[in-house]
Number of protein chains: 2
Amino acid sequence: MVRPTLKKQIPNLQEAIKETAWKQIAEFGATALSLRAIARELKITAPAIYNYFPDRDALVTALIIEAYASFGDYQLVARDSLPREKMAERLYAIGIAYRQWAIDFPQRYQLIFGTPIPGYQAPKMEVMPTAARSLSALVSVIDDLRVANMLQAENFPPVQPAFEEHFRIWKTYAGDYDISSLSVSMLVWSRVHGLVSLELAGNIPPHGADGAALYRYELNLITKQFIKENK
Amino acid sequence: MVRPTLKKQIPNLQEAIKETAWKQIAEFGATALSLRAIARELKITAPAIYNYFPDRDALVTALIIEAYASFGDYQLVARDSLPREKMAERLYAIGIAYRQWAIDFPQRYQLIFGTPIPGYQAPKMEVMPTAARSLSALVSVIDDLRVANMLQAENFPPVQPAFEEHFRIWKTYAGDYDISSLSVSMLVWSRVHGLVSLELAGNIPPHGADGAALYRYELNLITKQFIKENK
DNA sequence: AAAGTTTACTAAACACCGTATATTTACAGT
DNA sequence: ACTGTAAATATACGGTGTTTAGTAAACTTT
């Protein structure tokens, strides 16, 4: 058999490949991703995948983009579960959603922020739109705080001219907010990312607290540090 | 040729294997680590490595332990460059050293905190002593602050009973300090780790600031949040 | 000094991997 | 019916970690 008849072909094989990839990533981890294993499960040969993805890296990129989208959705849903004027509560809810997604899909979090695929380097320009959008919930709430004069953000280091172009593109997708909002978002992001990634790697429990409680504590510290009373 | 005469043998082949591994990690990245490549460079065959390491993972573990040791040393040197009573300055210096090591050896930082080796899972109990020691500089200074009644650490979540054993072992190597010192250290660690790992992954510049400046800003925020005046 | 044992390696093979090339066949358009 | 293209297979190449068997050098014991 060389080419199966249409009836025997898998409809939308491109999607099927991605789905199988996710299934295997969830089961065996992102490091075990293998085109041949995907092909085996779909009962096709490995080179057939090359009709849909030019190489393994292209498949990984597609997966990363999907993951970012789901990640961003989680946070947007959390944000929109509260009215716009409850900014501190929204920030907290986004933070909880951030960790929840990471815990629900640890392999996807690893895929995005770790380097589990040997030799893979994410093509920045391709991934950036969805990556930037995945932080848009956070940035939008921080900017609402700024507009309400409740954002504590003094003396932030300025943008480097060399990165202005990069920065401009990023704003296109994350939202065109004030620089101070973006800077604060960056720090808030780094804090939740730090705690979540240590927890996922198994580094939290030995040091004394359960992950969820310590995380909530950190969220409150973040709130205390970056939100001030409107006066 | 089957067994080379003593004169032709590489003296301390175990060390030579690790050195070659580091060289290749520095050059091609941790994901590209390959027993066969190491063997090629040393002009031996790949299975010969199995005389010194039971499998690839054992070699990786040995490398991780070496990396942790070097990482810890950097921070201890930074701490000890200042007198013990200058606690805030010591904390700042350790923070700078933390990032500096990561920037000097990005591949090693990835090796420790990322998951660059397919299928590799660090054996916690084996790695913990050196891993714990790599944070001992930080913990000791935080505890000095606590003793001086300058540590802001209210209402931290308690240790979970399930992890008390784990925790006890960890204390053996990181230092037997008060639980509040360890909790604060944990949070400080997660913050610097968050920022450093985002920067290494190339996620800082697009968002507006240069890494070093943003990092110093965050160190100051950490100081502000966890150090209070002795009164 | 001879004999036996252990050590440190090589050679060959296995089962994977991503990927390139050539080939075949099903289908669509003319 | 003929032709061209699309979608798959078959095959092959060079890479990986690892296992097994074999061998010679070096050491230990007698």
Checklist entry - Bin by bin, in steps of 5 Å, what percent of the Cα pairs in region B:132-194 do you find, going until the bin that has the longest distance? => result 4, 18, 28, 27, 19, 4, 0
Checklist entry - What helices in chain A pass both tests, a Cα length along the helix axis of 24 Å or more and a mean Kyte hydropathy of -1.0 or higher, using whole DSSP H runs? => result A:56-80, A:87-104, A:179-200
Item to check | Average partner coverage of A:179-192, which counts Cβ from other chains inside 10 Å | outcome: 5
Next on the checklist: Restricting to DSSP loop positions (anything but H, G, I, E, B) with no more than 16 other Cβ atoms inside 10 Å of their own Cβ, which GluC sites (Glu not before Pro) remain in region A:96-199?
Outcome noted: A:E154
Checklist entry - Relative to the other copies, what are the label-point distances for B:G202, with labels 7 Å from Cα along the C-beta vector, expressed in nm at one decimal and sorted shortest first? => result 3.0
Item to check | Other copies of B:V127: label-to-label distances in nm, shortest first, labels 7 Å along the beta-carbon direction | outcome: 2.1
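May I ask you to derive the relative contact order of chain A, considering only C-alpha pairs under 8 Å and at least 6 residues apart, and to give it as an integer percent? Walk me through the intermediate numbers first.
Details: 201 pairs, mean separation 46.0, N = 231.
Across chain A, relative contact order equals 20 percent.
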Next on the checklist: As a check on your reading of the symmetry: which chain A residue has its Cβ nearest the axis that brings A onto B, and how far is it in Å?
Outcome noted: A:G194, 1
Checklist entry - Averaged over A:116-126, how many beta carbons belonging to a partner chain fall within 10 Å of each residue's beta carbon? => result 3
Item to check | Dipole magnitude of the protein assembly as shown about its Cα centre (Cβ charges: Lys, Arg +1; Asp, Glu -1), debye to nearest 20 | outcome: 1020 debye
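Size of the dipole of chain B about the Cα centre, Lys and Arg at +1 and Asp and Glu at -1 on the beta carbon, nothing else charged, in debye to 20? Show your work: numbers first, answer last.
Values: 25 positive and 24 negative charges, 122 e Å.
Here the size comes out at about 580 debye.
Mind listing which GluC sites (Glu not before Pro) in region B:26-88 are in a DSSP loop and have 12 or fewer other Cβ atoms within 10 Å?
Working: sites: B:E27, B:E41, B:E66, B:E85; in loops: B:E85.
For GluC sites (Glu not before Pro) across region B:26-88 that sit outside H, G, I, E and B with at most 12 neighbouring Cβ atoms in 10 Å, the list reads B:E85.
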Checklist outcome for this item: Per-residue ellipticity at 222 nm attributable to helices in the protein assembly as shown (runs of n ≥ 4 DSSP H, -39500 (n - 2.57) apiece, nearest 500 deg cm²/dmol) works out to -20500 deg cm²/dmol
Next on the checklist: Could you report the protein assembly as shown's accessible area per residue, 1.4 Å probe, as an integer in Å²?
Outcome noted: 48 Å²
Item to check | Reachable aspartates and glutamates from A:K43, criterion Cα separation under 17 angstrom, eight or more residues apart if same chain | outcome: A:E15, A:E19
Next on the checklist: Going 7 Å from Cα along the Cα-Cβ axis for the label, what nanometre distances separate A:N149 from the same residue across the other copies?
Outcome noted: 3.9
Checklist entry - Count the lysine pairs in region A:76-231 that are 8 or more places apart or on different chains: how many have C-alpha atoms under 28 angstrom apart? => result 7
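Would you mind classifying chain A by shape? Square roots of the alpha carbon gyration tensor eigenvalues, ordered a ≥ b ≥ c; an a/c under 1.5 is rounded, otherwise it is prolate if a/b is larger than b/c and oblate if not.
Verdict is prolate for chain A.
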Next on the checklist: Which one, B:V60, B:V159, B:V141, has the greatest fluctuation when you compute a Gaussian network model over chain B with C-alpha springs under 10 angstrom?
Outcome noted: B:V159
Item to check | Spin-label model distance (nm) - A:A213 vs A:N12, 7 Å beyond Cα toward Cβ | outcome: 4.5 nm
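The values are calculated or read from the model by the stated rules, or taken from the named source; none is laboratory data. No experiment lies behind these values; they were computed from the predicted model shown. All Cβ positions, even for glycine, are placed from backbone atoms using ideal geometry, and neighbour counts span all protein chains on display. The protein model used for the area step is the full one, side chains on, heavy atoms only, and it has no ligands, DNA or RNA in it. Shrake-Rupley method; radii C 1.70, N 1.55, O 1.52, S 1.80 Å.
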